[in-house]
Amino acid sequence: LKVIVVKLKKCCVLSYEVRQLQVNIPHSGVVSAPLGSSISIPCLVSLSSTSSSSSSPPAVPRVKWTVVSGGVETQILVARGLRVKVNELYRDRAALLNYTSTPDDLSLWLGDLRSSDSGHYRCEVQQGLEDASDLAQLRVKGVVFHYRDALGRYAFSFHQARTACEAIGARIATPDQLLASYYDGYEQCDAGWLADQSVRYPIQVPREGCYGDMDGQPGVRNYGTMDPDDLFDVYSYCTNREVFHDSIPLQISFSEAQLYCRAAGAVLATTAQLYLAWSEGLDRCSPGWLSDGSVRYPIITPRERCGGVQAGVKTIYRFSNQTGFPEPTSLHDVYCFKGQNLALKNVFI
């Protein structure tokens, strides 16, 4: 009797190796950059794929960068394959840095940064039916402002202009910073020094006395490089700080304001610090003393009784032609700058 042994082989089922679509922005938290500078926001993608035995290749991915600012989402650019389409609003200042040479690197370059560029940036990739994205927050730091000598209009040489900015806690602005502020809506019909020894001013609405070298067109007027001994105002730049305010009802002279801040463990705020407070949202319809002897107040929401229909830091001048600081004996509120936490205190006495 023969016994026949039959060995049965197990049937092996081959499964595809599947890699899911993943998008990652490496940096966590808020990314900060100065006004007028450029920045690269990194974004890396791991595309979905199947094993080599798959009959069809993976779908060509679609890349999209958007930004959400003030509750509004704006598309910056879209790319598929070698085609990259940039929104006209970002022409010449947005690009994918390494996309053509390294398809898994979707880093966004953004130049000529403006305050309005602050927001949440989304790097999104669609591949077939899959969709993945990641977010980064960008905060553009700094504010540009016009500054005039207490003696009157156009009183600074170039070297005096730099010193004046430093004395109020700022530094002289660059042409890029002034241009970025112009694109955010800044206007000032006063010629002022910039860091490259040029003299310029930004105009949104051309009018008599403010045409400059551009006839009836809006833009930044440019006198070019000037003799350093010529006299003009200056445009200053400073970076953002955290602020808070307090109020006590009275008004005081300039010397009393100095003593009050000192008694509170603080010092009179500089003009730059008040502009920073304004750029961070401080809105007070109360003119107050500052360290340079000027009297100013920050307005976010314009109203007629608080300096008219334009937002900004309002200045109280002694003379009707907008020159001269108030008499030191005149009575106003005061803005104090207190502590190592760089806090600005708006005090009403």
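The values are calculated or read from the model by the stated rules, or taken from the named source; none is laboratory data. Please read these numbers as outputs of a predicted model, since none were measured by experiment. A quick note on method: Cβ atoms are made from the backbone with ideal geometry, for glycine too, and the neighbour counts reach across all protein chains shown. Side chains are part of the model used for accessible areas, which takes the heavy atoms of the whole protein and leaves out ligands, DNA and RNA. Shrake-Rupley method; radii C 1.70, N 1.55, O 1.52, S 1.80 Å.
Please work out which residue is farthest from residue 255 (Cα to Cα), limiting yourself to the stretch 271-308 and to residues that are touching a strand residue (DSSP E or B) at 6+ places or on another chain (Cβ under 8 Å) and among the β-branched types (Val, Ile, Thr).
299
I'd like the residue in the stretch 325-348 that is surrounded by fewer than 17 Cβ atoms within 10 Å (Cβ to Cβ) and at pLDDT below 90 and, out of all such residues, is nearest to the chain's Cα centre (by Cα).
342
Mind checking which residues of the stretch 259-298 are free of Cβ contacts under 8 Å to residues at least 12 places away in the same chain and either open to solvent by less than 10 Å² (accessible area, probe 1.4 Å) or closer than 13 Å to residue 338 by Cα (or both)?
Result: 262, 263.
Going residue by residue through the stretch 214-223, is there one that turns out to be of a type in the set (D, E, K, R), touching an Asp or Glu at 6+ places or on another chain (Cβ under 7 Å) and open to solvent by less than 80 Å² (accessible area, probe 1.4 Å)?
Yes, the conditions are met somewhere in the stretch 214-223.
Run down 131, 112, 92, 105 and say which single residue is open to solvent by 40 Å² or more (accessible area, probe 1.4 Å), more than 30 Å from residue 238 (Cα to Cα) and either among the hydroxyl-bearing types (Ser, Thr, Tyr) or not assigned by the TED database to the domain that holds residue 177 (or both).
Every option except 131 fails the conditions.
How many residues does the stretch 316-325 hold that are in contact with a strand residue (DSSP E or B) (Cβ under 6 Å, 6 or more places away or on another chain) and without any contact (Cβ under 8 Å) to a residue 40 or more places away in the chain?
1
Give me the pairs: first residue in the stretch 158-183 and in the same structural domain as residue 227 (by the TED database), second residue of a type in the set (D, E, K, R) and part of a helix (DSSP H, G or I), beta-carbon distance under 8 Å, and six or more apart or on different chains, which are they?
171/162; 172/162
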